[in-house]
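Input: a single structure, listed below in structure tokens.
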Amino acid sequence: MGDNDGRQEEIRSLLEEHGNLTVAELAQHFNVSEMTIRRDLKTLAALGLVQREHGRALHPQNADGLFLARLGEAEREKTLIGRLAAGLVSEGESLILDAGTTTLAVARALDKKCVVITNSLPIAGVLGNREGVTVLVSGGEVRGTTYALVGPMARAGFGGFNADKLFLAASGLSLERGLSTANMLESEVKQAMLAAAREVILVAHSGKIGQVYYHTFTHWDRIDVLVTDARLPAETRRELENLGVKVLIAQV
């Protein structure tokens, strides 16, 4: 039962991150059969922790209709990361904000006059009425409960845009395998963002270090800065700095 419990807990974490994933994606990630994943989802659904729909698992919608609020220390860390990352923005810059809970924290902390293009409807909602911020939203299909825009229209939305900075999110960070996510549609949009940006700032809490997901969308040579929390192991920080990544630690 221990393995099942651990896998089911990680399934919940993945769905919290992505909103929804297919049974096939989950089976590939955990290297188990689709039958095993279906059993896990049946157990989780009986507890009201996930929703099942046509070969797909969804995280239960939260009350505000956007993200499941991540409570506790990880949420506080993301808020601190967001504040430190937003402080890297200079007046008048053009920015890309990737979809994600940590990039949403960056948006909440933005206080400079700037132009932002995003594929995140929650981020657009946060910045839409902010004085001095011009907000552009990519096209695309709305994905799951995360309200991220994906697909060909989303990718095309970043074509021709010249961003000073990209604030990038990732599900997994591995020294060997680079930056990964559990969904190809998200990977493709991230790659379009990377092609449109001069400087790339990865915002991620330290718990993602060592995790590898379905698809690697870029490697560390494309990352200029990592903004993370104080739990990042010192050895990992040294290795990242040796790879040419500037590491900034958000402190309380």
**Message:** So if I take the centroid of the Cα atoms in the stretch 70-112 and the same for the stretch 131-171, what is the distance between those two points in Å?
**Reply:** 15 Å
**Asked** Between the DSSP loop rule and a limit of at most 16 other Cβ atoms within 10 Å, which trypsin sites (Lys or Arg not before Pro) in the stretch 82-157 are left?
**Response** LYS112, LYS113, ARG130
**Asked** Please state the equivalent ellipsoid semi-axes for the stretch 1-51: what are the square roots of 5 times the Cα gyration tensor eigenvalues, largest first, in whole Å?
**Response** 14, 13, 10
**Neighbourhood net charge (13 Å Cβ-Cβ; Lys/Arg +1, Asp/Glu -1) for GLY144** = -4
**Asked** In the chain, what is the count of Lys pairs whose alpha carbons are under 18 Å apart, counting only pairs at least 8 residues apart or on separate chains?
**Response** 7
**Message:** Restricting to DSSP loop positions (anything but H, G, I, E, B) with no more than 10 other Cβ atoms inside 10 Å of their own Cβ, which GluC sites (Glu not before Pro) remain in the stretch 92-190?
**Reply:** GLU131, GLU176
**Request:** Tell me what the chain gives for mean residue ellipticity at 222 nm when only DSSP H runs of n ≥ 4 count, each as -39,500 (n - 2.57), the sum divided by the residue total, rounded to 500 deg cm²/dmol.
**Result:** -11500 deg cm²/dmol
**Item:** Binned Cα-Cα distance frequencies in the stretch 73-250 - 10 Å width, integer %
**Value:** 11, 42, 38, 9, 0
**Message:** What does the net charge come to around VAL116 if you take all other residues with beta carbon closer than 12 Å to its beta carbon, with K and R at +1 and D and E at -1?
**Reply:** +1
**Translational D in µm²/s for the stretch 111-215 (Stokes-Einstein at 10 °C, 1.306 mPa s, Kirkwood Rh from C-alpha pairs)** = 110 µm²/s
**Request:** State the three equivalent ellipsoid semi-axes of the stretch 101-151, derived from the C-alpha gyration tensor as the square roots of 5 times its eigenvalues, in descending order and whole Å.
**Result:** 20, 12, 7
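Bear in mind that the values in this text are calculations on the coordinates, not laboratory data. A quick note: this is a predicted structure, and the numbers were derived from the prediction, not measured. With ideal geometry, Cβ positions are generated from the backbone for all residues, glycine too; neighbour counts draw on all protein chains shown.
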